[in-house]
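Trainee: Please see the structure below; I have some questions.
The values are calculated or read from the model by the stated rules, or taken from the named source; none is laboratory data. Treat the numbers as computed from the prediction; the structure is a model and nothing was measured. FYI the Cβ positions are ideal-geometry reconstructions off the backbone, even for glycines, and counts take in every protein chain you see.
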């Protein structure tokens, strides 16, 4: 009887250990999200955008705070590679998506971009797309929004860099629709 109990206990422990080995990997904790980005403005196009999943203790940009040099360069000069490099060096960043082309007018195929991105539990989502009019100091942004259990729609508002600080542009809202769906 003790031998059967010993064998049964050993089998249960092996299954528990094997299960822990399979599910304990951070890669297995990641969720995939499909993100559909649609330009809603009739005359405004946007330069290539960046989307990031990250822990809530870091930010890509934050309203009423100074923009990092890499973020300011992204907004004013379209330096996407510099921002990606800076974000890639941050441990709290889970995934980065960078579009290869800008977001066109809503009446064209380029007016919508769809991509997938991964996130860890409790991650948030940020996204920014500079205005394409001669690379001004303006951009559309989402700052550290919650990732949905199923699907959620957000609308990107307009921000400007003013004296190096990120500020919400008065009255310019709902430029871009962002639909995030957990897969």
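Trainee: Of the residues in the stretch 133-183, how many are in contact with a helix residue (DSSP H, G or I) (Cβ under 9 Å, 6 or more places away or on another chain) and assigned to a loop (DSSP other than H, G, I, E, B)?
Mentor: Number satisfying all stated conditions: 4.
Trainee: Specify which of the listed residues (116, 112, 108, 76) is surrounded by fewer than 21 Cβ atoms within 10 Å (Cβ to Cβ) and closer than 21 Å to residue 170 by Cα.
Mentor: After ruling out the rest, the residue left standing is 76.
Trainee: Of the residues that sit in the stretch 79-95 and are in contact (Cβ under 8 Å) with a residue 12 or more places away in the chain and in contact with a strand residue (DSSP E or B) (Cβ under 7 Å, 6 or more places away or on another chain), which one is surrounded by the fewest Cβ atoms within 10 Å (Cβ to Cβ)?
Mentor: This residue is 92.
Trainee: Counting only residues that are at pLDDT 95 or above, closer than 27 Å to residue 167 by Cα and in contact with a helix residue (DSSP H, G or I) (Cβ under 8 Å, 6 or more places away or on another chain), give me the helices (runs of 4 or more DSSP H) lying completely in the stretch 13-132 with at least 2 of them. It would help to see each step written out before you state the result.
Mentor: Numbers: elements: 26-29, 69-77, 80-88.
Result: 69-77, 80-88.
Trainee: If you don't mind, there's one more thing I want to ask. Residues in the stretch 119-144 that are exposed (fewer than 15 other Cβ atoms within 10 Å of the Cβ) and either in contact (Cβ under 8 Å) with a residue 24 or more places away in the chain or under 17 Å from residue 35 (Cα atoms) (or both): how many?
Mentor: The qualifying residues number 4.
Trainee: Still on this structure: Quick one: how many residues across the stretch 146-182 are within 19 Å of residue 40 (Cα to Cα), exposed (fewer than 15 other Cβ atoms within 10 Å of the Cβ) and touching a strand residue (DSSP E or B) at 6+ places or on another chain (Cβ under 8 Å)?
Mentor: The number of residues fulfilling the criteria is 4.
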